[in-house]
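Below is one structure, written out as structure tokens, with a few remarks after it.
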Amino acid sequence: MTLRNKAWSPYAAGILIGLLQIPAFLLIETALGTSSSYVTIAAHIASLVDASVDKMDYLAKHMYGAKNLWQLAMVMGIVVGAFVSMRISGARRQAISPVWKRAVGIDKLSSRAPMAFAGGFIMVLGARIADGCTTGHGISGMAQLAVGSTVAVAAMFAGAIATALLMKRV
Amino acid sequence: MNVLSAIVLGVAMGAVFGIALEKSRVFEPGAIVSQMQLRTFLMLKIFLSAVITGLIVLAVLNGVWGVKMHPKALVWQADIVGGLLLGAGISIAGACPGTVFAQIGAGYRDAWFTVAGGILGAMAFGYLEPALRPFLLTGGPGKLTFDQAAHVPFWALALGVAAVLAAGLAVLEQLRPWRDEVGPDVDGLAPAGERPVATGARSSLSSASA
């Protein structure tokens, strides 16, 4: 498997992701996660117009510090990593995935944009209510045998499967 | 660790994460929707591989060196309601909070809208949190792990679960080899031949791929 390949085995990729727990636990003293970064960004944006944000516990506690900024840096790194990987292999993607034509009959960005926006809103709202996402509860929570994470992941698959089955078969 | 080092480490870890997501193709909306329709299983394979690796890594880190764990608390209603919404959003967005960023890196333009919606969702939650907290976000036994509940050492249960999951993956790979599911093009679509359509659709897809 090289960077020039357009596809690796899912096992190789999954093992590589799982190994990232080593620097996470040893150097940052936390588990892998991604959805908190949305709160960090949101809190900073909100604080530009709302001075009371730094008194709102939940938003304020996501704004500064090594753990918060580490996670924000990591999701930015994901953008870079995916971009570099795509360029090296030449696996260029289209503006929107052709799966949407099959699933919901959408093949234009202008039609897909509100759906993507709504999806993102519901997704992160749910992740913050549950205090974790596929990475935080899934990859990290289940690796720690956390009961709450297992419940959250089960609910996540249930919600995702039920919703996907409402779409046309892809 | 100081903030600057944490940021540098974050970018480096993210770059590795992003490469793994892109190469595995799991970040593609097609891979996610078809997984959730139970048509392909690439996402499950990556997910479980990462969990198994994490279980083994943590069994060693915690079992040998006593490295501290960071499980999240069990809050039944928050985990269930939040999980359901998260799942619904994942299917509608064709992404999870982390893979959205890989989508941006790889060139999907709708991913920008997903992130924007996600940021607004996080902001909305931040403002709603004090009102939701009393009934939705509290309660339950706190940070509970299965090894604590079963009164066995973490490393032992972790390795046992890892073995069971690995066996499950071996069976899954036999039934649904990953190479068959990667598809003829880089858009995470299951090969058209598996769909109940006329053979004309299959040949037009193969002539479109590089």
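The values are calculated or read from the model by the stated rules, or taken from the named source; none is laboratory data. Just so we're clear, the structure is a prediction, and the values are computed from it rather than from any experiment. Cβ: placed from backbone, ideal geometry, glycine included. Neighbour counts: every protein chain shown.
Per-structure values
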{"quantity": "Filtered residues of the range B:156-192 (kept if surrounded by 14 or more Cβ atoms within 10 Å (Cβ to Cβ), part of a helix (DSSP H, G or I) and modelled with pLDDT under 95)", "calculated": "B:Trp178, B:Glu181, B:Ala192"}
{"quantity": "Residue selected from the range B:1-47 under the condition surrounded by fewer than 24 Cβ atoms within 10 Å (Cβ to Cβ) and among the polar types (S, T, N, Q), by the criterion farthest from A:Met1 (Cα to Cα)", "calculated": "B:Asn2"}
{"quantity": "Within the range A:132-150, tally of residues that are more than 17 Å from the chain's Cα centre (by Cα) and free of Cβ contacts under 8 Å to residues at least 24 places away in the same chain", "calculated": "5"}
{"quantity": "Output for the range A:10-61, where each listed residue is among the hydroxyl-bearing types (Ser, Thr, Tyr) and facing chain B (nearest Cβ under 7 Å)", "calculated": "A:Tyr11, A:Thr30, A:Thr34, A:Ser35, A:Tyr38, A:Tyr58"}
{"quantity": "Test: residue in the range A:88-97 that is outside any loop (DSSP other than H, G, I, E, B) and either within 20 Å of the chain's Cα centre (by Cα) or without any contact (Cβ under 8 Å) to a residue 40 or more places away in the chain (or both)", "calculated": "no"}
{"quantity": "Count - residues of the range A:154-170 that are buried (at least 24 other Cβ atoms within 10 Å of the Cβ) and more than 7 Å from chain B (Cβ to nearest Cβ)", "calculated": "0"}
{"quantity": "Test result for A:Gly120, part of a helix (DSSP H, G or I), of a type outside the set (Lys, Arg) and within 16 Å of B:Thr114 (Cα to Cα)", "calculated": "yes"}
{"quantity": "B:Ala78 within 7 Å of chain A (Cβ to nearest Cβ), farther than 26 Å from A:Arg4 by Cβ and buried (at least 17 other Cβ atoms within 10 Å of the Cβ)", "calculated": "yes"}
{"quantity": "Residues that are among the polar types (S, T, N, Q) and over 23 Å from the mean Cα position of the chain (by Cα), drawn from the range B:53-69", "calculated": "B:Asn62"}
{"quantity": "Any hit, the range B:39-51, residues being at pLDDT below 95, within 7 Å of chain A (Cβ to nearest Cβ) and farther than 15 Å from A:Thr134 by Cα", "calculated": "yes"}
